[in-house]
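Notes for the one structure printed next.
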Protein chains: 2
Amino acid sequence: MAKDILALNAFAPGAGLPGDLERQVARRRASFGAGSVLFYERPLHLVAARGATVTAADGTTYLDLYNNVPCVGHGHPKVVEAVARQLATLNCHSRYLTDAVTAYAERLLATFPPALSNLVMTCTGSESTDLALRIAAQATGGTGFVVTATAYHGNSRAATEVSPASYKTGGPPAFVRTVPAPDPDRFGADIGSGFAQAVQAAIAALAADGIGFAGLLVDTIFSSDGVFADPPGFLAPAVAAARQAGGLVIADEVQPGFGRTGAGLWGFARHGVVPDIVTLGKPMGNGYPMGGVVTRPDLLAAFTAAFGYFNTFGATPAAAAAGGAVLDVLAEEGLIAHAAEVGGHLRARLADLRACRPALGAARGAGLYLGIDCLDRDGAPDAAGASRLINRLRDRGMLIGAAGPLGHVLKVRPPLCLTASEADRFVDALDACLADAA
Amino acid sequence: MAKDILALNAFAPGAGLPGDLERQVARRRASFGAGSVLFYERPLHLVAARGATVTAADGTTYLDLYNNVPCVGHGHPKVVEAVARQLATLNCHSRYLTDAVTAYAERLLATFPPALSNLVMTCTGSESTDLALRIAAQATGGTGFVVTATAYHGNSRAATEVSPASYKTGGPPAFVRTVPAPDPDRFGADIGSGFAQAVQAAIAALAADGIGFAGLLVDTIFSSDGVFADPPGFLAPAVAAARQAGGLVIADEVQPGFGRTGAGLWGFARHGVVPDIVTLGKPMGNGYPMGGVVTRPDLLAAFTAAFGYFNTFGATPAAAAAGGAVLDVLAEEGLIAHAAEVGGHLRARLADLRACRPALGAARGAGLYLGIDCLDRDGAPDAAGASRLINRLRDRGMLIGAAGPLGHVLKVRPPLCLTASEADRFVDALDACLADAA
C-alpha cells in the first residue's frame, strides 16, 4: 500500500504560504517534525468551534462537515459542564469504586445485545482495537485476522498490523489477510454472498499457510474503504462464515457508533448481527479521550487469566461524565433520528445535483456518514479532482475530507447536530465548486 | 512470571463485605467482569478528592500517598479551569493548526536536551511505549529489546511484550530479554558496572539467537521493580553499552517524569544521560488523558517514512491546556524543590523509624517516590506483611501501594503537593500499624 490514506488532503510542505501562516507551519514543523500532518493546501488555523461550525484565526467561519469526534457538536455546554464538574470533584483510576463509572458502564451496556455484557474502558479507539485483537487471539488460540483492503483500525503496533491503510511501503504481516471492501461495483447486487465468499477465501489462505484464524475485524460502515452501508444486512453472511471457521467477529464501531448511521446507536445492529467483540472510540466522549471494548464475560475472563490489564486513564469518573453527557444529549436532542432525517435530505439533494454534475457518483452511506465518488470525464475515479474539490469547498467555507483506496471518495461526516439548512448550504457550495471547475 | 504485579493489593472477590459495599462491588463486577480489579480487602468507594486527600462515600477522608497521576494535587483548580475553558472554546485534532498545541509543544520540548527536539503527543503512557518501540525498531532494523525483570511499560500488545510484570503465565516473547533490576543487594556498590554487564549479556543472548538489538528500555526510577534511584549516574554505563551494541535507549518517564524525583523534571537527567527516545504519560495532564514521545527528528522521520501515524485525541488543545497548566503549577508552587524537601524529610523520619521497627527496610527512592522493603523476622522479603500493612494503613486513613517482584515493597508516591506535616502523619500511622502488629 503505497497510498498513505492518513495523509489524504494533506498539506505539502514547501508550498508558498502567506507570512503568518508560513510562520505557524514552521513552528509546528519544528516541534512535531515528520509527524506533523496538516490538512489543506493552505493549512487551517483554528481558534474556536461551536455546534457544526469552526472559526479560523482570520475570523472566517466554516461549516464543519468533517469532524465526527464532536458528535453532539463542538463545545457542547452539557458535555463541557459535566466534564468540568467531575474534574473538580473527583477523577481517579478504576481500582477504586466510583458512582460515575459504575453508572455509565451499566447505561452503556444496556444499549448492547444481552450477550455483550462486559465493558473495558480504554482511552482511544486504537487501544480498543489492540485489546480486542488480544482478546480474540487468546480465546481462539489463533493469530490470523481478516480485514478489508483499505481498513484503518488504529495506531498501535497491533492495530497498525490490521490497518493496511497505514502502510506506506510493504503491507501487513502474513497473519493478516485482506478482502475487498463490500463495494457494489465489485460484488454486484448480492454483496452479502460475494463479501462472505471473499472472507472464506481469506480464511482458507490463512489455513493453507498454517495460521490459525482468530477473527474477522470490520468497521461496520467501512469508512476508510470508501463508505459502504447498503443494503443493511449484507454483513450477516460474512459473520456466519467467520464463525463457521471458528473465529470471532469484531465490530469496529469507532466510526459508525453512537448514532451516526441514523439507525440506532450501533452499526452492527443495522446488519442484524451480534459481534463477539465491539470496539468504541472517537465520538464516545465528544472529544474527551475515551474508548471501550464491549464483549462477552467468557472472552474477557480468558484474556485476564493470561494477562494483567489495567488502563490508568480508562475508567475514570471524568470519562464517565463525558460519556454520560453524550448519551444524554443524543437522547434529549433526538440526534439519531435527526441524523437519519438530515442525512436523507442530504442524499436526496445530492441525487438531484448528480443529475447535472457528472463529476459526482451516487452518494453512499447511512445517516450522517456519506461517501461520494469523484469521477473524471470518463467516469473513472478522480483523486486529484477530489483533492481540488475539497480545497475549493474550504474556500467556500465548507470542511469535508477524502477516503477510499485511491482517495477519490468525498467523505462527509459532520457533527450530528448539522441542520437541514446547513446541509443545503453545503450542497449549494458543492454545486458552485463544480460549476467553477466545469 | 506467575505474580500479577498489576493486581498487588487487590480485592479478592468472595470476601464478605458490608451490605452497601457488597452491592457496589457486585454492580461493578457485573459490568466490568474479570477485568475489574479493585484495591484493598474492603474496596474503597470514593466520592471526592482535593490536593493530597480523597474522601470516601462514608465521609472518611484519606491521605493519598499512592496517586501520582494528580501530580499537582487532585482537582487542582488551575488545571480544571484551563481544561474547561479550552473544551468550551475549541478542542479539535491536530491536522488543524491551533495556538495551544503549538505553544505547549515548544514549552515542553524546551525542558529537554536540544537533541530531543521532536514531540508526538499521544493519549497514554501505553501509546507512548508502543510508538517508542516501533520508532526504535524502524531506526535500527532490530526487533530485540532489553528490559528489567519486573518492568511494566504499558497495556498494548507491544507494550505488554516488554512488560514481564503483566504475564500471569509464561513470559515475554524471545525478542525481549530481561536483566535484574539495579538492586544494590544484587550488584553491590558498583551498581553501574554490574547493571551494564547484565545488559551486555542480554544483548549477547539476543545476538546468539539471531535477533537484532533495537534498544534498552528502562523506567528511570525502576518503579515496578521496587524503586531503584541511587546512586544518580548508575544508568550511564548501561546506556553506553546499549549504544555500543547499536541499539537505542528509551527512557520511560511515565513514573519519574514531571518532577517526581525532586531533581529536575526528568529522571534520565539525574543519571546524566541523554536517551534517544523518551516516553511520557500519567502525570502529564494531572489526570487529563495525555502522553507523549520525545525523540530526535531523524528517528521520527524514519518511522513516518514507513508508517502513517495519527493520534486523534493526541495533540488537542484541551490536552495542551491541561499539560500547560501542569507546567505552570509545578513552577508557581515550586513543586520540584518541594518534592525534594518533603521527600528528604520523609526518608529521614523513616530512617529513624526503622531503628525501632525491624519490619522495615531502608527507604529507597528520590523525591516523592519511595520504595520501602517489608521484612519478616528473619529479614527476608515479606509480601504478606506488606499487604497487611497496606490494609491497616488504610484503616488509619493512609493510602499507599505495593511493588517489586514479590510485592513486598511499600510504594509511596503521593501528589507532589504533600506537605511535611502530612508526611509526618503518614510516618506516625506507619509506626502505629507496626506497633499493632508487633
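Suppose we keep only residues that are of a type in the set (S, T, N, Q) and more than 24 Å from A:I203 (Cβ to Cβ) within the range A:245-299. Which one would you say is surrounded by the fewest Cβ atoms within 10 Å (Cβ to Cβ)? Step by step, filter the range A:245-299, then rank; the result is A:Q255. When you scan the range A:411-433, do you find a residue that is surrounded by fewer than 21 Cβ atoms within 10 Å (Cβ to Cβ) and within 25 Å of A:A10 (Cβ to Cβ), even just one? Scanning the range A:411-433 turns up at least one residue that is surrounded by fewer than 21 Cβ atoms within 10 Å (Cβ to Cβ) and within 25 Å of A:A10 (Cβ to Cβ). Scanning the range B:9-63 for residues that are assigned to a strand (DSSP E or B), among the β-branched types (V, I, T) and facing another protein chain (nearest Cβ under 10 Å) turns up B:V47, B:V54, B:T55.
Yes or no, residue by residue, for (1) under 30 Å from B:G291 (Cβ atoms); (2) in a strand (DSSP E or B):
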{"residue": "B:L327", "(1), (2)": "yes, no"}
{"residue": "B:I336", "(1), (2)": "yes, no"}
{"residue": "B:R364", "(1), (2)": "yes, yes"}
{"residue": "B:G379", "(1), (2)": "no, no"}
{"residue": "B:L410", "(1), (2)": "yes, yes"}
{"residue": "B:V427", "(1), (2)": "no, no"}
{"residue": "B:L430", "(1), (2)": "no, no"}
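Among the residues of the range B:15-59 satisfying the criterion of being within 25 Å of the chain's Cα centre (by Cα) and of a type in the set (S, T, N, Q), which is nearest to B:S387 (Cα to Cα)? If we take residues in the range B:15-59 being within 25 Å of the chain's Cα centre (by Cα) and of a type in the set (S, T, N, Q), then B:S36 is nearest to B:S387 (Cα to Cα).
Taking first residues from the range A:41-67 that are farther than 17 Å from B:T102 by Cβ and in the same structural domain as A:A7 (by TED's automatic domain parsing) and partners that are of a type in the set (K, R) and modelled with pLDDT of 95 or more, the Cβ contacts under 9 Å between residues at least 6 apart in sequence or on separate chains come to A:E41/A:R394. If the condition is being more than 10 Å from every other protein chain (Cβ to nearest Cβ) and under 19 Å from the mean Cα position of the chain (by Cα), then the range A:157-174 contributes A:V162, A:P164. Residues of the range B:93-112 include none that is within 24 Å of the chain's Cα centre (by Cα), more than 7 Å from chain A (Cβ to nearest Cβ), among the β-branched types (V, I, T) and surrounded by 19 or more Cβ atoms within 10 Å (Cβ to Cβ). Among the residues of the range A:161-211, just one is in a loop (DSSP other than H, G, I, E, B) and of a type in the set (F, W, Y), namely A:F175.
Kindly establish whether B:P283 is at pLDDT 95 or above, closer than 30 Å to A:G291 by Cα and within 17 Å of the chain's Cα centre (by Cα).
Criteria met by B:P283.
Scanning the range B:286-319 for residues that are at negative phi and assigned to a loop (DSSP other than H, G, I, E, B) yields a total of 12.
Of the candidates B:R42, B:R50, the single residue that is among the charged types (D, E, K, R), in contact with a Lys or Arg (Cβ under 9 Å, 6 or more places away or on another chain) and over 30 Å from A:G33 (Cβ atoms) is B:R42.
Among the residues of the range B:76-87, count how many are within 9 Å of another protein chain (Cβ to nearest Cβ), in contact with an Asp or Glu (Cβ under 9 Å, 6 or more places away or on another chain) and surrounded by fewer than 24 Cβ atoms within 10 Å (Cβ to Cβ). Residues flagged as within 9 Å of another protein chain (Cβ to nearest Cβ), in contact with an Asp or Glu (Cβ under 9 Å, 6 or more places away or on another chain) and surrounded by fewer than 24 Cβ atoms within 10 Å (Cβ to Cβ) within the range B:76-87 amount to 1. For A:R186, state whether it is more than 14 Å from chain B (Cβ to nearest Cβ), surrounded by fewer than 24 Cβ atoms within 10 Å (Cβ to Cβ), at negative phi and not aromatic (F, W, Y). Yes, satisfied.
When the range B:370-405 is filtered for residues that are in contact with a Ser or Thr (Cβ under 9 Å, 6 or more places away or on another chain) and closer than 20 Å to B:P180 by Cα, the ones remaining, listed by number, are B:G371, B:C374, B:A402, B:A403, B:G404, B:P405. Checked across the range A:346-362, the condition of being touching a Pro at 6+ places or on another chain (Cβ under 7 Å), crowded, with 21+ Cβ neighbours inside 10 Å and not small (G, A, S) holds for no residue.
Yes or no: A:H93 over 25 Å from B:A30 (Cβ atoms) and in contact (Cβ under 8 Å) with a residue 12 or more places away in the chain?
Taking the combined requirement at face value, the residue does not satisfy it.
Quick check on the range B:60-69. Is at least one of its residues farther than 30 Å from A:N118 by Cβ, within 20 Å of the chain's Cα centre (by Cα) and either modelled with pLDDT of 95 or more or of a type in the set (A, V, I, L, M) (or both)? Looking through the range B:60-69, at least one residue is farther than 30 Å from A:N118 by Cβ, within 20 Å of the chain's Cα centre (by Cα) and either modelled with pLDDT of 95 or more or of a type in the set (A, V, I, L, M) (or both). Scanning the range B:338-362 for residues that are part of a loop (DSSP other than H, G, I, E, B) and either among the aromatic types (F, W, Y) or in contact with a Cys (Cβ under 8 Å, 6 or more places away or on another chain) (or both) gives a single hit, B:A359. Residues that are surrounded by fewer than 21 Cβ atoms within 10 Å (Cβ to Cβ) and part of a helix (DSSP H, G or I) were ranked within the range B:126-156; the one that is nearest to the other protein chains (Cβ to nearest Cβ) is B:Q138.
Here A:A214, A:A229, A:A242 are screened, and the one residue that is surrounded by 23 or more Cβ atoms within 10 Å (Cβ to Cβ), assigned to a loop (DSSP other than H, G, I, E, B) and touching a residue at least 12 places away in the same chain (Cβ under 8 Å) is A:A229.
Looking at the range A:54-69, is at least one residue over 30 Å from A:G19 (Cα atoms) and not small (G, A, S)? Yes, that holds for at least one residue.
Condition test on A:T178, is it over 30 Å from A:T304 (Cβ atoms), crowded, with 24+ Cβ neighbours inside 10 Å and either assigned by TED's automatic domain parsing to the domain that holds A:V254 or not aromatic (F, W, Y) (or both)? Taking the combined requirement at face value, the residue does not satisfy it. Every listed requirement among (1) over 19 Å from B:R157 (Cα atoms); (2) of a type in the set (D, E, K, R); (3) in contact with a strand residue (DSSP E or B) (Cβ under 9 Å, 6 or more places away or on another chain) is met by A:E161 save one, (1).
For the range B:372-380, state whether one or more residues are surrounded by fewer than 21 Cβ atoms within 10 Å (Cβ to Cβ) and touching a Gly at 6+ places or on another chain (Cβ under 8 Å). Within the range B:372-380, one or more residues are surrounded by fewer than 21 Cβ atoms within 10 Å (Cβ to Cβ) and touching a Gly at 6+ places or on another chain (Cβ under 8 Å).
The values are calculated or read from the model by the stated rules, or taken from the named source; none is laboratory data. Worth saying up front: this structure is predicted, and the values here are computed from it rather than measured. Ideal geometry is used to build each Cβ from the backbone, glycine not excepted, and the neighbour counts take in all protein chains shown.
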